[in-house]
Amino acid sequence: MTRQLENFIDGRFVSGDGLEHIDVRNPANNELLARVPLSDQAVVDEALLAAKRAQPSWEALPAIQRAGYLRKIATLIRANAAALADTITREQGKVLGLAQVEVAFTADYIDYMAEWARRIEGEVIPSDRAGESIFLMRRAIGVTAGILPWNFPFFLIARKMAPALITGNTIVIKPSEETPINAYDFARLVAQAELPPGVFNLVGGNGAGAGAHLSESPMVNMISFTGSVATGKRIMAAAAPNLTRLNLELGGKAPAIVTAQADLDMAAKAICDSRVINTGQVCNCAERVYVERAVANAFIEKVTARMAEVRYGDPLADPTVHMGPLVNRQGLDKVAAMVERARGAGAEVILGGSVAPGDQGYHYLPTVMINCRHDMEIMRAEIFGPVLPIQVVDSLDEAIALSNDSEFGLTSSIFTRDLKEAMAACNGLRFGETYVNREHFEAMQGFHAGRRHSGVGGADGKHGLLEYTETQVVYMQHG
Ligand code: NAD
């Protein structure tokens, strides 16, 4: 029987009777998996009111007690890891191995944020006055809203809720309408952990409905959004009348630079891995390559050989595939149209270049394109698919300049064995992250933050945690 997903509000699952529902399907075979409610404004308001009511007493708990609840949730995630990974693969399409990593990483991330409980420190600042002390306190912001994309749907719940909750905020999560099932499973674990009602709430819905209501609500004190640049701009506009705090993790167009001094085998492997993980649907993965002319032919040969070995298919039917389908029909059509336009503009496809044969699932062939130029859309816009466009450059300086000439500024990478080149790239690349001689993928203790249109603020580590706090400075005259 098709599962009917029920919102989780004020510690209870509530039936979506009277709400419209939409289908959730497996992108590998179109199987109907569940129906998710399209929450309306009344439902969103109910969740926000619950979060608002719960917040003062949640903040008043010692942080170590809040950490205890987070640890319980992490333990429950580990105990249910196999079923959770299966659900993620079924509704999103990533290979099972990656879904298992996502689940394990999510549990570790929640534990990591719980570890901050005893370290959310304020400051004591010397005063200019005799008999006065100045204290800088870190306070919770209040009610937060987490609006999520579909590409790492389970992990992104934790990336929002764990720093929000450990710092004393409450949260309303809206998962992507493409991949809501795992979020409802997450809510079940929250219920089992007996988190106080209202601290964590989950409402299903689409962008125009629940997403927009959350963005424009005066009850929300901070919106933490991960998704596309276009939606980020809409959310910023909707939040403007209330001056709601924003944390926006948006799209990327990560450059990978391969110099004449690179270990070409390492570069080919890292760039291929980074391009095909999650079928190319990762904000930080290598989306464009600049290779120095002296090694261009050799690198292209190696990276194309690696891409040619990538096998795709339905990840649950064949657990040995490297790549599942794209998330939906629009994603597939978008990738196919971009490749066609690049071809029309003079780029040459040397591997793949089309929708995969057969009618099961939204598969696109692993693709390599050469003779790409900086003015082509394929080098400038986010592809979000397993397509690697390559441009030959004459120097590292040229590669850095082309990399920076982008609307996006999330991640970047350089492959070289020359320390001077590596440092020149780190100093020259204007990106939130730069990877040297390794694939693009961040760590939970780093700081994942995009420049330019890739975002406002960031996530992870100490700096990501502090985004969920605001300061209060106390001037105490006591002498
Ligand atoms: P999307 O912007 O289409 O949707 C994301 C979420 O926003 C969904 O829950 C959707 O319902 C909601 N939404 C849509 N319109 C809205 C509106 N007007 N108001 C409020 N909410 C609205 O993004 P997507 O296609 O789900 O995800 C892919 C994008 O996410 C890519 O661009 C990718 O680069 C980006 N992303 C970024 C990061 C990062 O850390 N920077 C991580 C993962 C994904």
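The values are calculated or read from the model by the stated rules, or taken from the named source; none is laboratory data. Fair warning: this is a prediction, and the values are worked out from it, not measured in the lab. Neighbour counts are summed over all protein chains in view; Cβ atoms, including those assigned to glycine, are modelled from backbone coordinates with ideal geometry. Only protein heavy atoms, including side chains, enter the accessible area calculation; ligands, DNA and RNA are left aside. Shrake-Rupley method; radii C 1.70, N 1.55, O 1.52, S 1.80 Å.
Within region 407-421, how many residues turn out to be buried (at least 24 other Cβ atoms within 10 Å of the Cβ) and in a loop (DSSP other than H, G, I, E, B)?
The qualifying residues number 1.
Mind checking which residues of region 317-353 are assigned to a loop (DSSP other than H, G, I, E, B) and open to solvent by 50 Å² or more (accessible area, probe 1.4 Å)?
317, 318, 319, 320, 322
I'd like to check which strands (runs of 3 or more DSSP E) are fully inside region 112-185 and have at least 2 residues that are within 16 Å of the ligand (Cβ to nearest atom).
Qualifying strands (runs of 3 or more DSSP E): 143-147, 170-174.
Looking only at region 442-459, count how many residues are buried (at least 22 other Cβ atoms within 10 Å of the Cβ) and among the charged types (D, E, K, R).
Looking only at that region, the number is 0.
When region 217-233 is examined, which residues are found to be within 22 Å of the chain's Cα centre (by Cα), surrounded by 18 or more Cβ atoms within 10 Å (Cβ to Cβ) and of a type outside the set (S, T, N, Q)?
Result: 220, 222, 223, 225, 227, 229, 232.
Okay, residues lined up against (1) assigned to a loop (DSSP other than H, G, I, E, B); (2) closer than 29 Å to residue 359 by Cα; (3) of a type in the set (Val, Ile, Thr); (4) without any contact (Cβ under 8 Å) to a residue 12 or more places away in the chain:
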position: 17; (1), (2), (3), (4): yes, no, no, yes
position: 46; (1), (2), (3), (4): no, no, no, no
position: 55; (1), (2), (3), (4): no, no, no, no
position: 65; (1), (2), (3), (4): no, no, no, yes
position: 70; (1), (2), (3), (4): no, no, no, no
position: 87; (1), (2), (3), (4): no, yes, yes, no
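Got a sec? Which of 418, 405 is away from the ligand (no atom under 16 Å from the Cβ) and within 16 Å of residue 380 (Cα to Cα)?
Answer to the selection: 405.
If we keep just the residues of region 379-402 that are within 26 Å of the chain's Cα centre (by Cα) and away from the ligand (no atom under 16 Å from the Cβ), which is nearest to residue 151 (Cα to Cα)?
Selected residue: 388.
Right, residue 198: more than 16 Å from the ligand (Cβ to nearest atom), surrounded by 23 or more Cβ atoms within 10 Å (Cβ to Cβ) and farther than 26 Å from residue 88 by Cβ or not?
yes
Being modelled with pLDDT of 95 or more, away from the ligand (no atom under 15 Å from the Cβ) and under 18 Å from the mean Cα position of the chain (by Cα) narrows it down to one residue among 475, 468; which is it?
Going through 475, 468 in turn, just one is modelled with pLDDT of 95 or more, away from the ligand (no atom under 15 Å from the Cβ) and under 18 Å from the mean Cα position of the chain (by Cα): 468.
Of everything in region 109-130, what is within 24 Å of the chain's Cα centre (by Cα) and loosely packed, with under 15 Cβ neighbours inside 10 Å? Give them in sequence order.
Hit for region 109-130 is 115, nothing else.
Give region 161-182 a look and list any residue that's within 30 Å of residue 328 (Cα to Cα) and surrounded by 24 or more Cβ atoms within 10 Å (Cβ to Cβ), or say none.
161, 162, 171, 172, 173, 174, 175, 176, 179, 180, 182
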